[in-house]
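The values are calculated or read from the model by the stated rules, or taken from the named source; none is laboratory data. Since we're looking at a predicted model, the values are computed, not measured. Methodologically, a virtual Cβ is constructed for each residue, glycine included, from the backbone with ideal geometry; neighbour enumeration extends over all protein chains shown. Side chains included, ligands, DNA and RNA excluded: accessible areas come from the protein's heavy atoms. Shrake-Rupley method; radii C 1.70, N 1.55, O 1.52, S 1.80 Å.
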Amino acid sequence: MVTAVVIPVILMAAGVAIDLTKTVLAKAELQDASDAAVLAAAAALANDGKSIEEARTIAQELFALQMSGASSLVKEGDETLVDAAPVINITETVTGNTGRSYTVEIDASYSVKYNILTRQLLGHNSGTLETSSIAESGTADSKSAFSMYFVLDKSGSMGEETKSTTSYPC
């Protein structure tokens, strides 16, 4: 009697655990692709002198390339991970005499398909994930020999206290 009640509960919990893992993995892959695409477009505008349309193409191609390598667990037989092409907005602002400032923003979404056990429990066939990435770059009136890229990781992994270090001789 107890087994008849416990087994369906365990199966549903397993289904939810699998879908939760798949959702977290899909969100990370979608965010990674968005971040890489905005950084590439922003760098192309500021460092390579590309036009806005060329930078948009670079972002689209890099995003598609990043998503084509998504894990098979997330894709679940889909040809692509994203539902539609990402929305890419690039704005240009004039600074000084010849300087330019660029803001590149990408918004992407994906519907994660749930397995039958999660569908039975939650009553939904899928859930929608959305990501947004923004990068800013620019050119100055005079070129300097110093160039630096800075990426801020807000995922929580950077908040951990670490006491160990590894150094290698040159």
key: Distance between modelled label sites at Glu130 and Leu65, nm, 7 Å Cα→Cβ extension   = 2.9 nm
query = Quick one: length gained pulling Asp32 to Ala17 fully straight, 0.36 nm per residue minus the C-alpha distance?
reply = 3.1 nm
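To the nearest 0.05, what FRET efficiency results for Val94 and Thr57 with a Förster distance of 22 Å applied to their C-beta separation? Mind showing how you got there, number by number?
Details: r = 23 Å, r/R0 = 1.04.
Taking R0 as 22 Å, the efficiency between Val94 and Thr57 is 0.45.
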ask   = Using a 1.4 Å probe, how large is the accessible area of Thr98, given in Å² and rounded to the nearest 10?
value = 90 Å²
query = Which ³J(HN,Hα) values, rounded to whole Hz and listed in residue order, are derived for the range 97-110 from phi using the Karplus coefficients 6.51, -1.76 and 1.60 in 6.51 cos²θ - 1.76 cosθ + 1.60 with θ = phi - 60°, glycine and proline given as x?
reply = 6, 10, x, 9, 10, 10, 10, 10, 10, 10, 10, 9, 9, 8
remark   = Which residues qualify? For Ser126, with a placed amide H closer than 5 Å and at least 5 residues away or on another chain, they are Tyr114
